[in-house]
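Trainee: Just passing along the structure, written as structure tokens.
The values are calculated or read from the model by the stated rules, or taken from the named source; none is laboratory data. Bear in mind the structure is a predicted one, so any value in this text is a computation, not a measurement. All Cβ positions, glycine included, derive from the backbone under ideal geometry; neighbour counts span all protein chains shown. Accessible surface is based on the protein model in full, side chains and every heavy atom, while ligands, DNA and RNA are left aside. Shrake-Rupley method; radii C 1.70, N 1.55, O 1.52, S 1.80 Å.
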Amino acid sequence: MGVYRLWRDGGFAVGALLAGVLADAFSLTTAIWAIAALTAASGLVVAVRMYETHPRT
């Protein structure tokens, strides 16, 4: 649980900074699309790498 919280909370800070840098350097639309792509990639990694540990009854 601690590792999950580390990545989740770190993502809030890093994501906000990344979005701000991208919005300043390019545009707000670019920042939104980049964060959406990172979120989708994260979801795909979880879908592929994680597995159920609780046995079905």
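Trainee: Could you tell me the accessible area of V45 in Å² (1.4 Å probe, neighbours in place), rounded to the nearest ten?
Mentor: 90
Trainee: Enumerate by residue number the trypsin sites (Lys or Arg not before Pro) in the chain meeting two conditions: DSSP loop (anything except H, G, I, E, B), and at most 11 other Cβ atoms within 10 Å of the site's Cβ. Working shown, then result.
Mentor: Working: sites: R5, R8, R49, R56; in loops: R56.
In loop regions of the chain (DSSP not H, G, I, E or B), the sparsely surrounded trypsin sites (Lys or Arg not before Pro) are R56.
Trainee: Using 0.36 nm per residue of separation minus the Cα-Cα distance, give me the extension gain between R49 and D24 in nm, one decimal.
Mentor: Values: separation 25, 0.36 × 25 = 9.00 nm, distance 3.42 nm.
Length difference between fully extended and current span is 5.6 nm.
Trainee: Please determine, in degrees from 0 to 90 and to the nearest 10, the orientation of helix 28-49 with respect to the longest principal axis defined by the Cα atoms of the chain, where the helix direction is its Cα long axis.
Mentor: 20
Trainee: Given a 1.4 Å probe and heavy atoms of the protein chains only, how would you sort M50, M1, largest accessible area at the top? Before the final figure, lay out each step's value.
Mentor: Details: M50 130, M1 170 Å².
Correct descending sequence by accessible area is M1, M50.
Trainee: Mind putting together the pair-distance distribution for the chain? All Cα pairs, 5 Å bins, whole percent per bin, short to long.
Mentor: Going out from 0 Å in 5 Å bins, the chain shows 4, 17, 17, 22, 15, 11, 7, 4, 3, 1, 0 percent.
Trainee: On to the next question. With everything on Cα atoms, drop me the angle between helix 2-25 and the longest principal axis of the chain, reported from 0 to 90° to the nearest 10.
Mentor: 20
Trainee: Moving to a separate point now. Set the Förster radius R0 to 35 Å, insert the Cβ-Cβ distance between R8 and R56 as r into 1/(1 + (r/R0)^6), and round the FRET efficiency to 0.05. Present the calculation step by step, with values, prior to reporting the outcome.
Mentor: On the way: r = 27 Å, r/R0 = 0.78.
Once rounded, the FRET efficiency stands at 0.80.
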